[in-house]
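Heads up, the thing below is written out as structure tokens.
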Amino acid sequence: MKTSVFHRKTLHLNEHQLFPPDNNCPFCLSTNREAAAVLQKEPDVYILACKNCYAASASRMPTQEALIEYYRNFYDNDEDTKVTFDNPERLALHILSYYNDINADEKNVQILDFGGGDSTISAIMAERMIAQDNKKEVYITVIDYNTDIKKLNNQRIKINRVNDLFEAPDNTYTIVIASAIIEHIPKPREILIKLFNVLERGAIFYARTPYILPLLKLSNSIGLHLDFAYPAHLHDLGARFWKGLTQRLSCKGEFKILRSTPSITETSFREHFFRTLAAYTLKVPGYIFKETYGFTGGWEIFIKKNNSPI
Ligand SMILES: [Zn+2]
């Protein structure tokens, strides 16, 4: 199986494929940002690091037409590339391990799989929950431009595809998955707020995002080129960004970070030995030093919406 479809090379965009620069951070709207790296020249696009929320984002966002063209040409729509993980079961069980800790007595479960492709990850989670936890039914809502849907034989798993996140009802979902998706969204602020709003009390939010800016700066300083994968990747989000995000976005409810660590490694030793070894080696210090160590390549977060009255 191939790895991520988004490990494609960076594309140089021309003037008519770009929106004008926006002074405001696309997450917190602050104008307190500074250029941290160059993404492309003529027209110039930089990575701007926000000093308020610690997001790093492209200074110019691609137009929707440019993104459609990019994905049409660079998104390899093979069967093998619909999941960005060598071993989707590993990621599914990883997310589920946090769910099990907090909602073990629930009978029915609602999963929102945002950017979940053909729902491979959430479907594996649903099968496990029904088999192990005696759930009656698991309802999965998938939102993704990939319109395929997983064919399941299990009658107790209901998969529903929704085109627009804002159609999803608030205070409803037990688990919200936003795995390797936020970085692709030019205007992510309202989407993130909505993802936190749709959580019911006691529910968990899982996100996984690239975090390569420190590595990018280091590699640039020694003359190496590290690919940011622009315009597929528009943001770079690490520990400091996720810490305190719900307060910065003024999300309704009380939230608690259950886990904030370097992201689970995408590749497996069996499929991609050296890449996986490098990823593990880089991530290890990040478990200890968190915000002060940048060389992880990716970050992940589990956030719980607290049970206390809102
Ligand atoms: Zn910001």
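Read-outs: derived from the displayed coordinates by stated rules, not from any lab. Quick caveat, the model's predicted, so the values are computed rather than measured. Note that each Cβ is placed from the backbone with ideal geometry, even for glycine, and that neighbours are counted across all protein chains shown.
Observations on the structure shown:
- Nearest-0.05 FRET efficiency for LEU226 and ARG259, computed from C-beta distance (R0 35 Å): 0.85
- The modelled label-to-label distance between ALA131 and LYS151, using points 7 Å beyond Cα along the C-beta direction, is 2.0 nm.
- Other residues with beta-carbon under 11 Å from the beta-carbon of MET61 carry, at +1 per Lys or Arg and -1 per Asp or Glu, a net charge of +1.
- Label-to-label distance for ILE193 and THR10 is 3.2 nm, based on points extended 7 Å past Cα in the beta-carbon direction.
- Residue-normalised convex hull volume from the C-alpha trace of segment 105-185: 91 Å³ per residue.
- Extension gain, LYS217 to ASN171: 0.36 nm times the residue separation minus the Cα-Cα distance gives 12.5 nm.
- Cβ-derived FRET efficiency at R0 41 Å, ARG72 paired with LYS41, nearest 0.05: 0.95
- Net charge, ILE130 excluded, C-beta distance under 9 Å - Lys, Arg +1, Asp, Glu -1: +1
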